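Presented below is the structure to which this report refers.
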Amino acid sequence: MKVAAASLRAARFDALGLRRALSGLMVPLLVAAMTFLAALALGGWIGSIALASQWRDGAGAALTVQVPQPAEAAAHGGGSRIDAVSAVLTATPGVGAVHVLSADELSDLLRPWLGVGAERLAVPLPAVVAVQLTGGQATGGRPDLGPLAHRLEDAAPGTLLEDHGMWIDRLSYLAFSLQACALLALALVSAVAAAAIAVATRAGLAARREAIEIVHGLGATDGFIAGRFAHRAMVLAGGGGAIGALAALPVLLALAVLAAPFTGSVHGIVSISDALSALPPALWGGVAILPAAAAAIGFATAQGTVRRWLRRLP
Amino acid sequence: MVRFESVGLRYGRAGGKDAAPEVLRDISFALPEGAFCWLRGPSGAGKTSLLRLMYLAVLPTSGRLTLLGTDVGRSPRRVLPGLRRRIGVVFQDFRLLPHLSVFENVALPLRLAGRPDAQVRADVTELLRWVGLARKLHTPPYELSGGEQQRVAIARAVIARPNLLLADEPTGNLDEAQADRLMVLLRELNRLGTTVIVATHNDAMVERYPAAALRLDHGRLVHEA
């Protein structure tokens with residue numbers, strides 16, 4: 001009698017027989033594939049945000065100053081042009097480190113273009129000064145370099161000040177485009193998942209048409225019938241989403257490990273925990289949310305599809 | 001209780017040159033609460049369509065239909081499910097859900113009404129015992145005989161104590177003894193206050209259980225008695 005009582009419970013009650021009408025692997029597998037792609041797109045989105053901020057902080061905090069004929073006398077005072085430029089830079093507020101590249105460093109820099117022994121060519125080389133800006137100026141937007149350029153020109157005419165701004169702008173545009181593409185990809189896979197769920201729901205409606213009409217005739221509300229379908233679609237899509245997110249995790253980890261040297265987040269992957277921490281927390285959160293998002297898409301799509309279909313009944 | 005005022009019904013689109021013909025025309029009658037009424041007429045006269053209007057499977061295309069105090073044509077769609085739950089129907093083809101057990105088929109109206117589990121179990125078990133199906137609670141309907149299926153259909157129609165009970169040719173699949181048993185049950189429900197309307201072309205049955213009758217012919221009400 002215990003068994004009989006248990007089988008009379010409402011928990012096992014499947015009024016529309018949806019466990020059979022909405023079954024099979026089609027929806028879970030499609031949603032798993034879409035979630036896998038969504039996880040990759042999410043990785044691309046969050047990764048490009050991290051790279052963009054990395055570039056901005058690194059390159060945006062540096063200036064390069066070129067001083068032609070560095071050894072000649074400065075316009076004012078008794079020192080050389082390069083000494084005068086260094087003095088002006090050091091005295092400028094917001095400037096952290098001033099480093100005049102040595103002859104070796106300069107030839108290292110030029111070797112790819114001029115080959116070994118650039119100094120033996122009769123090419124007059126400018127001195128190159130690498131300037132590191134302090135945090136305040138690096139993060140508070142790009143500093144106004146106009147006055148500094150004027151003072152450098154005054155100390156050593158012909159001095160060039162380059163702030164990498166153009167490159168940062170270009171990289172920012174690139175990163176922004178990557179983010180837009182990733183968001184577009186997310187929107188597309190969501191739409192494809194919703195379409196697959198809508199098709200499966202319509203097939204379920206067709207298969208259970210008679211049962212739906214009977215239950216409707218017995219006084220079931222649209223909300224009851226749509227709720228049954230939505231619950232079923234939510235379970236299938238959520239399960240598929242979990243499978244897809246789990247499958248994407250190793251791929252994302254591998255990509256994060258490969259990207260780690262560029263983002264500077266980890267300086268060498270030696271252990272599993274290093275690899276796990278290579279994945280940004282935002283991406284962990286995003287991947288964890290994906291199955292829930294898939295379930296929500298399943299629920300909402302089935303609700304909408306069934307409610308629209310039910311409007312044909314009085 | 002049930003009031004038809006010049007009700008017309010056509011299936012498919014109204015108007016236009018390919019409009020479907022009216023299956024019911026200018027139907028007017030009123031039944032008081034607690035009435036027992038036969039619905040008679042030859043096959044194709046519109047009995048089933050009239051019942052379909054009364055259990056809200058279709059809405060009138062013209063005229064005014066008032067059921068249990070609600071003007072169904074002028075009510076928003078969301079009030080109709082509540083109205084349907086107060087109307088029990090025994091279909092000619094039973095319309096049981098094949099994927100549910102006998103118990104679950106009969107429990108369905110109570111579940112839809114949101115009754116607590118314990119009450120559902122008690123009421124359904126009691127009613128199925130009363131119609132002689134206590135040993136078939138977990139059987140799927142397709143394993144039952146025609147008479148047993150009909151008893152399940154009747155149990156489902158009355159489990160939620162409807163105000164209005166409609167039956168479409170309920171004795172069509174029954175032998176005479178079973179049909180009499182069913183009529184006793186319907187009269188008993190009627191005595192307890194349920195309005196009962198039974199569509200039939202079984203003249204012998206009507207003679208054995210005399211009551212008010214509506215007679216349809218070619219979609220028109222030809223006799224009200």
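For the range A:43-61, give me each residue that is under 9 Å from the mean Cα position of the chain (by Cα) and open to solvent by less than 20 Å² (accessible area, probe 1.4 Å). I'd like the intermediate steps shown before the answer.
Filtering the range A:43-61 for residues under 9 Å from the mean Cα position of the chain (by Cα) gives A:43-51.
Of everything in the range A:43-61, those that are under 9 Å from the mean Cα position of the chain (by Cα) and open to solvent by less than 20 Å² (accessible area, probe 1.4 Å) turn out to be A:Gly43, A:Ser48.
It is to be established whether one or more residues within the range B:117-131 are under 17 Å from B:Leu164 (Cα atoms), under 19 Å from the mean Cα position of the chain (by Cα) and part of a loop (DSSP other than H, G, I, E, B).
Of the residues in the range B:117-131, the ones under 17 Å from B:Leu164 (Cα atoms) are none.
For the range B:117-131, residues under 17 Å from B:Leu164 (Cα atoms), under 19 Å from the mean Cα position of the chain (by Cα) and part of a loop (DSSP other than H, G, I, E, B): absent.
Can you give me the number of residues within the range B:177-202 that are farther than 22 Å from B:Arg161 by Cβ and without any contact (Cβ under 8 Å) to a residue 40 or more places away in the chain? First the steps, then the outcome.
From the range B:177-202, those farther than 22 Å from B:Arg161 by Cβ are B:177-180, B:200-202; that's our starting set.
Next, from what is left, pick out any that are without any contact (Cβ under 8 Å) to a residue 40 or more places away in the chain: B:177-180, B:202.
Of the residues in the range B:177-202, 5 are farther than 22 Å from B:Arg161 by Cβ and without any contact (Cβ under 8 Å) to a residue 40 or more places away in the chain.
Do you know which of the residues in the range A:53-79 that are in a helix (DSSP H, G or I) and among the polar types (S, T, N, Q) is modelled with the highest pLDDT? Give the steps one after another, and end with the answer.
Within the range A:53-79, the subset in a helix (DSSP H, G or I) is A:53-59.
When the remaining residues are screened for being among the polar types (S, T, N, Q), the result is A:53-54.
On the way: A:Ser53: 79, A:Gln54: 75.
Per the criteria, the residue is A:Ser53.
Looking for something at negative phi and modelled with pLDDT under 80 - is there at least one such residue anywhere in the range A:80-90?
So in the range A:80-90, the residues at negative phi come out as A:80-90.
Now restrict to residues that are modelled with pLDDT under 80: none.
No, the conditions are met nowhere in the range A:80-90.
B:Leu100 passes all but one of (1) crowded, with 19+ Cβ neighbours inside 10 Å; (2) in a helix (DSSP H, G or I); (3) within 11 Å of chain A (Cβ to nearest Cβ); (4) not basic (Lys, Arg); which number fails?
Against the list (1) crowded, with 19+ Cβ neighbours inside 10 Å; (2) in a helix (DSSP H, G or I); (3) within 11 Å of chain A (Cβ to nearest Cβ); (4) not basic (Lys, Arg), B:Leu100 comes up short only on (2).
Go through (1) in contact with a Gly (Cβ under 8 Å, 6 or more places away or on another chain); (2) open to solvent by less than 50 Å² (accessible area, probe 1.4 Å); (3) within 14 Å of chain A (Cβ to nearest Cβ); (4) β-branched (Val, Ile, Thr) one by one and return the number of the condition B:Val90 breaks.
Going through (1) in contact with a Gly (Cβ under 8 Å, 6 or more places away or on another chain); (2) open to solvent by less than 50 Å² (accessible area, probe 1.4 Å); (3) within 14 Å of chain A (Cβ to nearest Cβ); (4) β-branched (Val, Ile, Thr) one by one, B:Val90 breaks only (1).
When only residues in the range B:122-141 that are without any contact (Cβ under 8 Å) to a residue 12 or more places away in the chain and of a type in the set (Lys, Arg) count, which is most open to solvent (accessible area, probe 1.4 Å)?
B:Arg135
Checking A:Gly268 against (1) at pLDDT 85 or above; (2) over 15 Å from the mean Cα position of the chain (by Cα); (3) exposed (fewer than 13 other Cβ atoms within 10 Å of the Cβ), which test does it fail?
So the condition that A:Gly268 fails would be (1).
Which residues, counting only those in the range B:202-224, are closer than 23 Å to B:Gly146 by Cα and out of contact with any helix residue (DSSP H, G or I) (no Cβ under 8 Å at 6 or more places or on another chain)?
Those that are closer than 23 Å to B:Gly146 by Cα and out of contact with any helix residue (DSSP H, G or I) (no Cβ under 8 Å at 6 or more places or on another chain): B:Asp203, B:Ala204, B:Val206.
Okay, residues lined up against (1) modelled with pLDDT of 95 or more; (2) open to solvent by 10 Å² or more (accessible area, probe 1.4 Å); (3) closer than 25 Å to A:Leu42 by Cβ; (4) away from chain B (no Cβ under 14 Å):
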residue	(1), (2), (3), (4)
A:Ala196	no, yes, yes, yes
A:Gly204	no, no, no, no
A:Ala220	no, no, no, no
A:Gly223	no, yes, no, no
A:Gly238	yes, yes, yes, yes
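Please find, among A:Gly96, A:Gly77, the residue that is on the phi > 0 side of the Ramachandran plot and open to solvent by 40 Å² or more (accessible area, probe 1.4 Å). Let's see the steps before the verdict.
Details: A:Gly96 fails: on the phi > 0 side of the Ramachandran plot.
Being on the phi > 0 side of the Ramachandran plot and open to solvent by 40 Å² or more (accessible area, probe 1.4 Å) holds for just one of A:Gly96, A:Gly77, which is A:Gly77.
Can you find even one residue in the range A:153-163 that is at positive phi and touching a residue at least 60 places away in the same chain (Cβ under 8 Å)? Before the answer, list the steps.
In the first step, residues of the range A:153-163 are kept if they are at positive phi; the result is A:158.
With the extra rule that they be touching a residue at least 60 places away in the same chain (Cβ under 8 Å), the set shrinks to A:158.
Scanning the range A:153-163, I find at least one residue that is at positive phi and touching a residue at least 60 places away in the same chain (Cβ under 8 Å), so the answer is yes.
Say we look at the range B:192-225 and pick out the residues that are part of a loop (DSSP other than H, G, I, E, B) and open to solvent by less than 80 Å² (accessible area, probe 1.4 Å); which of these is farthest from B:Pro60 (Cα to Cα)? Show your work before the answer.
Residues of the range B:192-225 part of a loop (DSSP other than H, G, I, E, B): B:192-194, B:200-202, B:209-211, B:218-219, B:225.
Add one more test, that the residue is open to solvent by less than 80 Å² (accessible area, probe 1.4 Å), and what stays is B:193-194, B:200, B:202, B:209, B:211, B:219, B:225.
Working: B:Gly193: 27, B:Thr194: 24, B:Thr200: 22, B:Asn202: 27, B:Tyr209: 31, B:Ala211: 27, B:Gly219: 13, B:Ala225: 23 Å.
Looking at residues that are part of a loop (DSSP other than H, G, I, E, B) and open to solvent by less than 80 Å² (accessible area, probe 1.4 Å), I get B:Tyr209.
What residue, of B:Leu144, B:Leu164, B:Leu185, is more than 13 Å from chain A (Cβ to nearest Cβ), closer than 22 Å to B:Ala213 by Cα and either open to solvent by 50 Å² or more (accessible area, probe 1.4 Å) or among the aliphatic types (A, V, I, L, M) (or both)? So that I can check it myself, show each step before the final result.
Numbers: B:Leu144 fails: closer than 22 Å to B:Ala213 by Cα; B:Leu164 fails: more than 13 Å from chain A (Cβ to nearest Cβ).
Just a single option satisfies the conditions, and that option is B:Leu185.
Listed here are the residues, each with its yes/no results for (1) closer than 30 Å to B:Pro210 by Cβ; (2) touching a helix residue (DSSP H, G or I) at 6+ places or on another chain (Cβ under 7 Å).
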| residue | (1), (2) |
| --- | --- |
| B:Ala45 | yes, no |
| B:Thr61 | no, no |
| B:Leu67 | yes, yes |
| B:Gly73 | no, no |
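For every residue, the table says whether it meets (1) within 14 Å of another protein chain (Cβ to nearest Cβ); (2) on the phi > 0 side of the Ramachandran plot; (3) among the acidic types (Asp, Glu).
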{"site": "B:Gly44", "(1), (2), (3)": "no, yes, no"}
{"site": "B:Leu50", "(1), (2), (3)": "no, no, no"}
{"site": "B:Val58", "(1), (2), (3)": "yes, no, no"}
{"site": "B:Gly63", "(1), (2), (3)": "no, yes, no"}
{"site": "B:Gly73", "(1), (2), (3)": "yes, no, no"}
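Go through (1) touching an Asp or Glu at 6+ places or on another chain (Cβ under 8 Å); (2) outside any strand (DSSP E or B) one by one and return the number of the condition B:Ala153 breaks.
(1)
Against the condition among the basic types (Lys, Arg) and either assigned to a helix (DSSP H, G or I) or touching a residue at least 40 places away in the same chain (Cβ under 8 Å) (or both), how does B:Arg161 come out, does it pass?
Details: among the basic types (Lys, Arg): yes; either assigned to a helix (DSSP H, G or I) or touching a residue at least 40 places away in the same chain (Cβ under 8 Å) (or both): no.
In short, no.
Within the range A:165-176, is there a residue that is of a type in the set (Lys, Arg) and surrounded by 12 or more Cβ atoms within 10 Å (Cβ to Cβ)? Steps first, please.
Taking the range A:165-176 first, the residues of a type in the set (Lys, Arg) are A:170.
Next cut, surrounded by 12 or more Cβ atoms within 10 Å (Cβ to Cβ) only: none.
No; the residues of the range A:165-176 include none that is of a type in the set (Lys, Arg) and surrounded by 12 or more Cβ atoms within 10 Å (Cβ to Cβ).
The values are calculated or read from the model by the stated rules, or taken from the named source; none is laboratory data. Keep in mind the model is a prediction, meaning the values are calculated, not measured. Every residue, glycine among them, receives a Cβ derived from its backbone with ideal geometry; neighbour counts consider all protein chains shown. Side chains are part of the model used for accessible areas, which takes the heavy atoms of the whole protein and leaves out ligands, DNA and RNA. Shrake-Rupley method; radii C 1.70, N 1.55, O 1.52, S 1.80 Å.
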